[in-house]
């Protein structure tokens with residue numbers, strides 16, 4: 001088994017955890033921006049429908 005991992009790159013678990021946490025935060029922030037943009041799109045479509053109905 002030692003031969004299998006002989007050339008494996010050494011891992012720093014704490015660094016991996018920090019990187020994972022940072023990427024999760026970035027993904028969460030991107031999801032929040034996407035949700036906000038989607039909500040804005042819904043509102044704009046409602047406004048457009050009202051304006052078209054007024055014509």
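Residue by residue, here is whether (1) surrounded by fewer than 10 Cβ atoms within 10 Å (Cβ to Cβ); (2) not in a helix (DSSP H, G or I) holds:
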{"position": "10", "(1), (2)": "yes, yes"}
{"position": "14", "(1), (2)": "yes, no"}
{"position": "30", "(1), (2)": "no, no"}
{"position": "34", "(1), (2)": "no, no"}
So, residue 52, is that one exposed (fewer than 10 other Cβ atoms within 10 Å of the Cβ) and out of contact with any helix residue (DSSP H, G or I) (no Cβ under 8 Å at 6 or more places or on another chain) or not?
yes
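Readers should treat all values here as calculations from the given coordinates under stated rules, not as data from a laboratory. Only a predicted model underlies this, so the values are computations on that prediction, with no experimental measurement involved. Neighbour counts are summed over all protein chains in view; Cβ atoms, including those assigned to glycine, are modelled from backbone coordinates with ideal geometry.
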